[in-house]
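The values are calculated or read from the model by the stated rules, or taken from the named source; none is laboratory data. Fair warning: this is a prediction, and the values are worked out from it, not measured in the lab. FYI the Cβ positions are ideal-geometry reconstructions off the backbone, even for glycines, and counts take in every protein chain you see.
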Amino acid sequence: MSTLPWLHPERVALLDKRLRERILILDGGMGTMLQRHQLDETAFRGERFVDGHDSAHAHDHPGGCDLKGNNDLLTLTNPEVIRGVHEAYLEAGADLVETNTFNSTRISQADYHLEHLAYELNLEGARLARAACDTWEAKTPDQPRFVIGVLGPTSRTASLSPDVNDPGFRNVTFEELVANYTEAASGLIDGGADLIMVETIFDTLNAKAALFAVSELFLQRGARLPVMISGTITDRSGRTLSGQTAEAFYYSVQHARPISVGLNCALGAADLRPHVQTLANVAGCFVSTHPNAGLPNAFGEYDETPEQMASVIGGFARDGLLNLVGGCCGTTPAHIKAIADAVRDVAPRVLPADKKEAA
């Protein structure tokens, strides 16, 4: 994969230049922003699914299946809402925005009987983010904006059994994951993504399936995009759900030669600090993090203010740990603006190779 030419060489060169100049800003939570709209079932269905079926594809859709909560579907049924979220984060200072495709695989869409939409969701998700980024890049030509095509973890895990009474059982195979990720990544590339990010990784075997799928897809197309990898430390034990420390996780995925590796979700910035430090110490690539706004309270809400979160992340930056930073669950444009302000005048983490060249 690494010997293939870049699909958009000028964009990759520009991104690399920016990463070496300053800490770049990722966007914040999509779901957090969508909850503020208080959308009902009608809003999720839109005109396309108003009668309980997919009129655009002539696929029957069980009328008894609610679509509310399928945030990725809003890309098709209420695209102006998704575009508005992207715009809000770009206005707050985000250099990179993530597509609304976290659950846009056949496996995850099967919960709503909408497996046939997987490619279209990724295609249109990337197009929406592309349009928003192009609009803001035209407004601020000195600050280029990039689209991250998101591949989420799916709702299944290849390493663990969902049945406590049958540890050897698996409800998904590596090959099924590869097929799902290949289809999703195809849509992201065709929709104009600048990068692909395998994110919120709780099971490294799932991530390996995604990385293999993307690698094979690049080979088929004869060109590649930069790949970002972001794992999830699931609790204060400091391990992913499949049992790896941050260091072990990095060594498990470094073969993919990602442009960045990082951590997101599950924990707030303060609790993620030691694990981001670990990655900064061992990673030969850029390092990213987009934590939650603290830990959820008793009502499942996030209480960490923009100022609190920015203060902690400012410490990350001053200690030379970061190249890219944003927010995950509970974060809003106000959080992203505060984070951008906190790291604006701080130099980015220097790559090990660059340190050697400078020595």
Q.
For the range 206-238, give me each residue that is outside any helix (DSSP H, G or I), more than 16 Å from the chain's Cα centre (by Cα) and touching a residue at least 40 places away in the same chain (Cβ under 8 Å).
A. Gly222, Ala223, Arg224
Q: Among the candidates Leu128, Leu121, Leu117, single out the residue that is closer than 19 Å to Leu34 by Cβ, aliphatic (A, V, I, L, M) and in contact with a Lys or Arg (Cβ under 7 Å, 6 or more places away or on another chain).
A: Leu128
(Q) Being among the aliphatic types (A, V, I, L, M), closer than 25 Å to Ala317 by Cα and at pLDDT 95 or above narrows it down to one residue among Leu225, Leu263, Leu211; which is it? (A) Leu263
Q. Only one of (1) at pLDDT 95 or above; (2) farther than 26 Å from Gly327 by Cβ; (3) not polar (S, T, N, Q) is not met by Tyr89, so which one is it?
A. (2)
(Q) Looking at the structure I just gave you, is Pro348 more than 17 Å from Ile23 (Cβ to Cβ), over 19 Å from the mean Cα position of the chain (by Cα) and of a type outside the set (Val, Ile, Thr)? (A) no
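Condition first: part of a strand (DSSP E or B) and not hydrophobic (A, V, I, L, M, F, W, C). Now tell me which residues in the range 239-276 satisfy that. Show your work before the answer.
Just the residues of the range 239-276 that are part of a strand (DSSP E or B), to begin with: 239, 245, 260-268.
The answer is Arg239, Thr245, Ser260, Gly262, Asn264, Gly268.
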Q. Restricting attention to the range 32-51, which residues are assigned to a helix (DSSP H, G or I), surrounded by 15 or more Cβ atoms within 10 Å (Cβ to Cβ) and of a type outside the set (A, V, I, L, M, F, W, C)?
A. Thr32, Arg45
Q) Out of all the residues in the range 214-246, which are of a type outside the set (A, V, I, L, M, F, W, C), farther than 20 Å from Leu15 by Cα and surrounded by 15 or more Cβ atoms within 10 Å (Cβ to Cβ)? A) Ser215, Glu216, Gly231, Thr232, Thr234, Gly238, Arg239, Thr240, Ser242, Gln244, Thr245
Q.
Condition first: touching a Cys at 6+ places or on another chain (Cβ under 9 Å) and within 15 Å of Ala193 (Cβ to Cβ). Now tell me which residues in the range 73-93 satisfy that.
A. His86
Q. Failed condition for Thr332, given (1) free of Cβ contacts under 8 Å to residues at least 60 places away in the same chain; (2) surrounded by 15 or more Cβ atoms within 10 Å (Cβ to Cβ), with all others met?
A. (1)
Q.
Checking Thr140 against (1) among the β-branched types (Val, Ile, Thr); (2) buried (at least 23 other Cβ atoms within 10 Å of the Cβ); (3) within 15 Å of Ile25 (Cβ to Cβ): exactly one of these is not met. Which one?
A. (2)
Q | Filter result for Thr101 (surrounded by 22 or more Cβ atoms within 10 Å (Cβ to Cβ) and within 23 Å of Pro333 (Cα to Cα)) | A | yes
Q: Taking Asp54 as meeting all but one of (1) under 30 Å from Leu351 (Cβ atoms); (2) modelled with pLDDT under 95, write down the number of the exception.
A: (1)
Q: Search the range 259-289 for residues being hydroxyl-bearing (Ser, Thr, Tyr) and free of Cβ contacts under 8 Å to residues at least 60 places away in the same chain, and hand back the single one that is nearest to Leu19 (Cα to Cα).
A: Thr289
Q: Return the pairs, sorted by first residue and then second, in which the second residue is buried (at least 21 other Cβ atoms within 10 Å of the Cβ) and of a type in the set (Phe, Trp, Tyr), the first residue lies in the range 126-149 and is closer than 12 Å to Gly192 by Cα and in contact (Cβ under 8 Å) with a residue 40 or more places away in the chain, the beta carbons are less than 7 Å apart, and the residues are 6+ apart or on different chains.
A: Cys133/Phe146
